[in-house]
Amino acid sequence: MPRLSRILRMTPTPTVPLPLPQRCQVLVVGAGPAGCAAARQLAGQGWDVLLVDQHPLGRDKVCGDALIPDAHHALERLGLLERVMAQAQRSTHVACVGPRGGRIEVPGHLAVLPRRRLDELLNLAAQEAGARFLAPARFEAPLLDEQQRVCGARLLIEGQPHEVQADWVLLATGAVPKALSAAGLCRRHTPSGVALRGYLRAPALAQEFKALDVVWCKPVRPGYGWIFPAPGGVFNIGIGVTDSHKDLAGKGQKKDLNLREIFDRFVTHYPPAARLVAQGEWVGELKGAPLRCTLKGADWTRPGLMVIGEAAGSTYSFTGEGIGKAMETGLLAADALAQYSQVDRQARQHYETQLRALQPKYELYERANRVNRYPWLADLLIWRAQRSPRLLHRMSGVLDESSNPGHLISLRGLTRLFIE
């Protein structure tokens, strides 16, 4: 297994094939989990797929790096679960820690792998299936035919514009809204959340940190902190705030938040974080990133184009988890094209129907976000879960999506805490 420090230093050379491609059946813009999942699935079915990204293979991505059961399911469908797990740090529990120090370890099938390595594995797997990869290539605007249907994209490659014709374009450009705006699909220009994370190497603490710690406390309100053990004695440590902006007619306004100050308060408040920072060696710098959550903030389709992954808002509010759901949206788009590729409206309707079917679950996760605003709710849940195997089982179900977190903190759910 390669050391994480080596993984984090990997910077492969740009992948710009010559001559530049002029046409493909499916142009996938963005080589993160959503784009790579769609590209691998479609290329494996015989489609001519061109996968492009504005960064070369091996780029870093700010993320908690946690692979929870929905990511495992998507990787299994892609035929990549064993390949990814062979390089990931496995874990069997998420440790929920409340403001008063209460702790409950929730069982689950979990792993951590830095996004730089995960995205590289997914990208290479898409190429293995037959997709072509072009980078660095930045999306500038869609190409339109006479009926105003998207028929490709204008890319910027080494400072020069280049047009690629395509039957379909899948936009997987993440939380930054520039590409969505250029495609005429952005409805919210500010993020719905923000996160800050860094890596610390501390091999001496590897035996102490086995679970994925998620910490709620007043100093981090309205967010949460985390410590996730990664491969090679390295830890992903960070904070997330999934209610960071006020929505004002789609433009939004950032609340009075300083992520570095929140991170420092987390380290001061949570003794294991303080010990990790004191004893560990930083690998790189703390980095921040926006989040787009709850399947909101963008139109999902227009003729000839589908939006997938975090660009479509695929990240869960409350937990900030997005890797598995991003891959799932990529697979849903691939399924829609496989079934209805010749009928634009049907393909887009099928994809949108599948996303709408997910919305009630996203809304429940958004409801559960009140735990971040009122951390005492975490204390209550932890206190009861320590005494109720049934509640602990339901909390485990939140991880594998067999139960919904919103139910745990509804009026009915809170009542059940005292009668179970």
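For the stretch 375-396, a residue qualifies if it is touching a residue at least 40 places away in the same chain (Cβ under 8 Å), out of contact with any strand residue (DSSP E or B) (no Cβ under 7 Å at 6 or more places or on another chain) and open to solvent by 40 Å² or more (accessible area, probe 1.4 Å), and the qualifying residues are Trp376, Trp383. If you go through the stretch 47-63 and keep only what is surrounded by 22 or more Cβ atoms within 10 Å (Cβ to Cβ) and closer than 21 Å to Ile237 by Cα, you end up with just Cys63. If you go through the stretch 55-108, how many residues are closer than 30 Å to Gln127 by Cα and assigned to a strand (DSSP E or B)? Going through the stretch 55-108 one residue at a time, the tally reaches 5. Does the stretch 196-211 contain any residue that is closer than 29 Å to Trp376 by Cα and open to solvent by 40 Å² or more (accessible area, probe 1.4 Å)? Yes, because at least one residue in the stretch 196-211 is closer than 29 Å to Trp376 by Cα and open to solvent by 40 Å² or more (accessible area, probe 1.4 Å). Consider Phe266 carefully, then state whether it is touching a Gly at 6+ places or on another chain (Cβ under 8 Å), part of a helix (DSSP H, G or I), modelled with pLDDT of 95 or more and among the hydrophobic types (A, V, I, L, M, F, W, C). Judged against the criteria, Phe266 is a match.
Can you tell me which residues in the stretch 297-327 are assigned to a helix (DSSP H, G or I) and surrounded by fewer than 24 Cβ atoms within 10 Å (Cβ to Cβ)? Walk me through it before giving the result.
From the stretch 297-327, those assigned to a helix (DSSP H, G or I) are 309-312, 323-327; that's our starting set.
If the condition is that a residue be assigned to a helix (DSSP H, G or I) and surrounded by fewer than 24 Cβ atoms within 10 Å (Cβ to Cβ), then Gly324 is the only one that fits.
So which residues in the stretch 54-69 are within 15 Å of Thr315 (Cα to Cα) and not β-branched (Val, Ile, Thr), if there are any at all? Scanning the stretch 54-69 gives Lys61, Cys63, Gly64, Asp65, Ala66, Leu67, Pro69.
The condition (being in contact with a Lys or Arg (Cβ under 8 Å, 6 or more places away or on another chain) and farther than 14 Å from Thr242 by Cα) is satisfied by just one residue among Asp379, Asp400: Asp379. Filtered by the rule that a residue be under 20 Å from Glu401 (Cα atoms) and either touching a Ser or Thr at 6+ places or on another chain (Cβ under 7 Å) or open to solvent by 40 Å² or more (accessible area, probe 1.4 Å) (or both), the stretch 82-99 gives Arg90, Thr92, His93. Sub-9 Å Cβ pairs linking a first residue in the stretch 214-225 that is open to solvent by 10 Å² or more (accessible area, probe 1.4 Å) to a second residue that is part of a loop (DSSP other than H, G, I, E, B) and among the small types (Gly, Ala, Ser), at least 6 apart or interchain, are Trp216/Gly98; Trp216/Gly223; Pro222/Ser244; Tyr224/Gly320, ordered by first then second residue.
Of the residues Gly79, Gly35, Gly30, Gly102, the single one that is of a type in the set (Gly, Ala, Ser), open to solvent by 10 Å² or more (accessible area, probe 1.4 Å) and modelled with pLDDT of 95 or more is Gly79. Might you let me know whether the stretch 351-366 holds any residue that is under 22 Å from His93 (Cα atoms), touching a Pro at 6+ places or on another chain (Cβ under 9 Å) and assigned to a helix (DSSP H, G or I)? For the stretch 351-366, residues under 22 Å from His93 (Cα atoms), touching a Pro at 6+ places or on another chain (Cβ under 9 Å) and assigned to a helix (DSSP H, G or I): present.
The values are calculated or read from the model by the stated rules, or taken from the named source; none is laboratory data. Computed from a prediction, not measured in an experiment: that's the story for all the values here. Every residue, glycine among them, receives a Cβ derived from its backbone with ideal geometry; neighbour counts consider all protein chains shown. We work out accessible area using only protein heavy atoms, side chains counted, and drop any ligands, DNA or RNA first. Shrake-Rupley method; radii C 1.70, N 1.55, O 1.52, S 1.80 Å.
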